[in-house]
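Engineer: So that we are looking at the same thing, I have put the structure below in structure tokens.
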Amino acid sequence: MPLEIVTPDEAAPSTSGLRHGVLSPLETLSQSISAIAPTTSPALTIPAVFALAGNGTWLAYALACGATLLMALCIARFARTSASPGSLYQFATSLLPPLGSRTAGWALLLAYTATGSSVVGGFLNYARVLLPAAHAVPASLIVLAATAAATFFAYRDVQASARMMLWIEAASVSMISLVVAALLFRTGLHVDMQQLTLQHVSGSGVRLGVVLALFSFVGFESATTLGHEARNPLRTIPRAVIQSAILAGLFFLTCAYTETTGFRGLGLDLGASQAPFRPLSALAHIPFLGPLIDVGAFVSMFACTLACITAAARVLLKMAQDGLVHPHLGRAHATNDTPHLAVLTIGLAVSVPAVALAARGASGADIYAWMGSLAVYGFITAYLLAAAALPFALRRRGQLTPAAAALSIAAALAMVLAMAGTLYPIPPTPYNWLPYIYLAYLATGLTYFALTSRRTPPHTQSF
């Protein structure tokens, strides 16, 4: 059996300033599950994928699930030998050239932050749907209040935050699962031939659907940001990464199949639905669950915002300790043991674009779609660099095998194809501007580091 290498991050967890070993395996899993926000995909993303892929929605999710599982296996190989709050950025730092590792850090930081802004937009959308009085409140104020509340929880206590996220998602997913199970029981377990044979499905529609379906999975790796706060991190974090990818994939596939079948039976267009589980719960003869699922999606948006702030703050903490950003952001709170300055910074970064777009009249659904699409660029970049770094890590430990090399190549190729799918055919405005915004962001981050590269990397401090 090969000897495992213990990294400095694992050997000296206290150097991060974060609370050590406070999160159980279930609480660690809840970080990834909440970042995925499984309630939001059946409610918002699956209808959008259906609008592109039609009866091929299940296939789009199957392909996205396959690509995600490849990345989960790659990331788990890293997480078995290194535990750090830096997540994929830390994995790339010691294995790739400086440009690659810094790009991974900035890409992952934008990915979590933009996802937080995206789901705040979803929170706004459901606030307007569920609460008539919310129409009298400025949209920007709703966005600001939701982000401030999530930032407060992330600032105070990571364990309490993890538990809250776990129960929110458990309740929401349970209600959706009950409706899906009731529909399958009512219609009988039979194969929907229109879906199986991909009737009226185009290849381009499925390809675009795969890219959108990938957004349902992003954040599955965010448990790796809890490397110092999870118990037995070299065991619990790899399991959490793989389990979240598998559980989310099975859940999304089942929901995609059932929603497509159910809406066909109702004679309604799933792609045009903004609250699909209201008619589906009525079809399942449990109509009272429809509004409750909408409430669950509403609260799940908040949980996902909290998860994104939690993850992004820990990446920012590690980047500060490595000298990529201001050293003060590498400090941890002396009482709460949270990266408090990084949390406040990320909370501000999450709120600014969402508040600005809301103030300019953008709907919650538009904010969700635009910022989510921007986040995909960051995730794909970070995943691609992690897949590319895996062979170097295994070779350093004398564990590189043909199977591991094939896994790395397959995962990297899946990310390259996903990135190509976001660029061609050229999407409509404003999506066609997102690649340029992303490249400008990366250039700004890398330039900032180049201008301040003479600064000595700071030591972690607490106060």
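The values are calculated or read from the model by the stated rules, or taken from the named source; none is laboratory data. Please read all numbers here as calculations on a predicted model, not as lab measurements. Cβ coordinates were reconstructed from backbone atoms using ideal geometry, including for glycine residues, and neighbour counts include every protein chain displayed.
Engineer: How about the range 192-215: which of its residues are assigned to a helix (DSSP H, G or I), of a type outside the set (A, V, I, L, M, F, W, C) and at pLDDT 90 or above? If you could, list the steps in order and put the result at the bottom.
Structural biologist: As a first pass, look at the range 192-215 and keep what is assigned to a helix (DSSP H, G or I): 193-196, 203-215.
Imposing the further condition that a residue be of a type outside the set (A, V, I, L, M, F, W, C) reduces the set to 194-195, 203-205, 207, 209.
The answer is Gln194, Gln195.
Engineer: Now a separate question. Using beta carbons and a limit of 7 Å, which pairs, at least six apart or on different chains, have the first residue in the range 49-76 and more than 24 Å from Ile237 (Cα to Cα) and the second one among the aliphatic types (A, V, I, L, M) and not in a helix (DSSP H, G or I)?
Structural biologist: Listed pairs, sorted by first residue: Ala53/Val201; Gly54/Val201; Asn55/Leu198; Asn55/Val201; Gly56/Leu198; Gly56/Val201; Leu59/Leu198.
Engineer: Mind checking which helices (runs of 4 or more DSSP H) fall wholly inside the range 7-98 and carry at least 2 residues that are modelled with pLDDT under 75? Full working, then the answer.
Structural biologist: Details: elements: 8-11, 25-36, 46-53, 57-79, 87-93.
Correct list: 8-11, 87-93.
Engineer: What pairs come up if the first residue lies in the range 279-297 and is under 23 Å from Leu166 (Cα atoms), the second is of a type in the set (Phe, Trp, Tyr) and modelled with pLDDT of 90 or more, and their beta carbons are under 8 Å apart, counting only those six or more places apart or on different chains?
Structural biologist: Once the first residue is under 23 Å from Leu166 (Cα atoms) and sits in the range 279-297, its partners that are of a type in the set (Phe, Trp, Tyr) and modelled with pLDDT of 90 or more give Leu289/Phe277; Gly290/Phe277; Ile293/Phe277; Asp294/Phe277.
Engineer: Report yes if Thr310 is buried (at least 21 other Cβ atoms within 10 Å of the Cβ), modelled with pLDDT of 90 or more and assigned to a helix (DSSP H, G or I), otherwise no.
Structural biologist: On the way: buried (at least 21 other Cβ atoms within 10 Å of the Cβ): yes; modelled with pLDDT of 90 or more: no; assigned to a helix (DSSP H, G or I): yes.
Considered against the rule, which asks whether it is buried (at least 21 other Cβ atoms within 10 Å of the Cβ), modelled with pLDDT of 90 or more and assigned to a helix (DSSP H, G or I), Thr310 comes out as no.
Engineer: For the range 87-110, what are the residues that are small (Gly, Ala, Ser) and either under 18 Å from Tyr448 (Cβ atoms) or touching a Pro at 6+ places or on another chain (Cβ under 7 Å) (or both)? Step through it out loud before you land on a result.
Structural biologist: First, pick out the residues of the range 87-110 that are small (Gly, Ala, Ser): 87, 92, 94, 100-101, 104-105, 107.
Result: Gly100, Ser101, Ala104, Gly105, Ala107.
Engineer: Taking the criterion of being touching a residue at least 24 places away in the same chain (Cβ under 8 Å), hydrophobic (A, V, I, L, M, F, W, C), surrounded by fewer than 24 Cβ atoms within 10 Å (Cβ to Cβ) and in a helix (DSSP H, G or I), would at least one residue in the range 323-341 satisfy it?
Structural biologist: The answer is no, given that none of the residues of the range 323-341 is touching a residue at least 24 places away in the same chain (Cβ under 8 Å), hydrophobic (A, V, I, L, M, F, W, C), surrounded by fewer than 24 Cβ atoms within 10 Å (Cβ to Cβ) and in a helix (DSSP H, G or I).
Engineer: Okay, next question. Does at least one position in the range 125-142 carry a residue that is modelled with pLDDT under 90, under 28 Å from Ala358 (Cα atoms) and within 20 Å of the chain's Cα centre (by Cα)? Don't jump to the end; show me each part of the working.
Structural biologist: Kept after step one, since they are modelled with pLDDT under 90, are these residues of the range 125-142: 125-126, 128-135.
Now restrict to residues that are under 28 Å from Ala358 (Cα atoms): 125-126, 128-135.
Still in the list and also within 20 Å of the chain's Cα centre (by Cα): 125-126.
Yes; the residues of the range 125-142 include at least one that is modelled with pLDDT under 90, under 28 Å from Ala358 (Cα atoms) and within 20 Å of the chain's Cα centre (by Cα).
Engineer: Examine the range 59-82 for a residue that is more than 30 Å from Gly364 (Cβ to Cβ), of a type in the set (Gly, Ala, Ser) and more than 18 Å from the chain's Cα centre (by Cα), and state whether such a residue exists.
Structural biologist: Yes, that holds for at least one residue.
Engineer: Moving on. Out of the residues in the range 186-242 meeting the condition of being farther than 11 Å from Ser32 by Cα and acidic (Asp, Glu), tell me which one is surrounded by the fewest Cβ atoms within 10 Å (Cβ to Cβ).
Structural biologist: Restricting to residues being farther than 11 Å from Ser32 by Cα and acidic (Asp, Glu), the top hit is Asp192.
Engineer: Which condition breaks for His326 when tested against (1) over 20 Å from Ile142 (Cβ atoms); (2) touching a Cys at 6+ places or on another chain (Cβ under 9 Å)?
Structural biologist: Condition not satisfied by His326: (2).
Engineer: Of all residues in the range 216-235 being in a helix (DSSP H, G or I) and within 16 Å of Ala311 (Cβ to Cβ), which is modelled with the highest pLDDT?
Structural biologist: Let us first name the residues in the range 216-235 that are in a helix (DSSP H, G or I), namely 216-217, 222-226, 233-235.
Add one more test, that the residue is within 16 Å of Ala311 (Cβ to Cβ), and what stays is 217, 222-226, 233.
Numbers: Phe217: 94, Ser222: 83, Ala223: 85, Thr224: 84, Thr225: 76, Leu226: 78, Pro233: 85.
Among those that are in a helix (DSSP H, G or I) and within 16 Å of Ala311 (Cβ to Cβ), it is Phe217.
Engineer: Let me ask something else about it. Sort out which residues of the range 360-412 are without any contact (Cβ under 8 Å) to a residue 40 or more places away in the chain and of a type in the set (D, E, K, R), and write them in order of number.
Structural biologist: Answer for the range 360-412, where residues must be without any contact (Cβ under 8 Å) to a residue 40 or more places away in the chain and of a type in the set (D, E, K, R): Arg360, Arg395.
Engineer: If Thr197 satisfies every condition in (1) more than 19 Å from the chain's Cα centre (by Cα); (2) closer than 26 Å to Gly121 by Cβ but one, which is the exception?
Structural biologist: Here Thr197 clears every test but (2).
Results for (1) under 30 Å from Ala79 (Cα atoms); (2) in contact with a Phe, Trp or Tyr (Cβ under 8 Å, 6 or more places away or on another chain); (3) aromatic (Phe, Trp, Tyr), shown as yes or no for each residue.
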| site | (1), (2), (3) |
| --- | --- |
| Ala356 | no, no, no |
| Val376 | yes, yes, no |
| Phe379 | yes, no, yes |
| Leu384 | yes, no, no |
| Arg396 | yes, no, no |
| Phe449 | yes, no, yes |
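Engineer: Within the range 274-288, which residues are closer than 19 Å to Ala37 by Cα and crowded, with 21+ Cβ neighbours inside 10 Å?
Structural biologist: In the first step, residues of the range 274-288 are kept if they are closer than 19 Å to Ala37 by Cα; the result is 274-277.
Result: Pro276, Phe277.
Engineer: Suppose we keep only residues that are modelled with pLDDT of 90 or more and surrounded by 14 or more Cβ atoms within 10 Å (Cβ to Cβ) within the range 420-436. Which one would you say is nearest to Trp370 (Cα to Cα)?
Structural biologist: The residue in question is Leu434.
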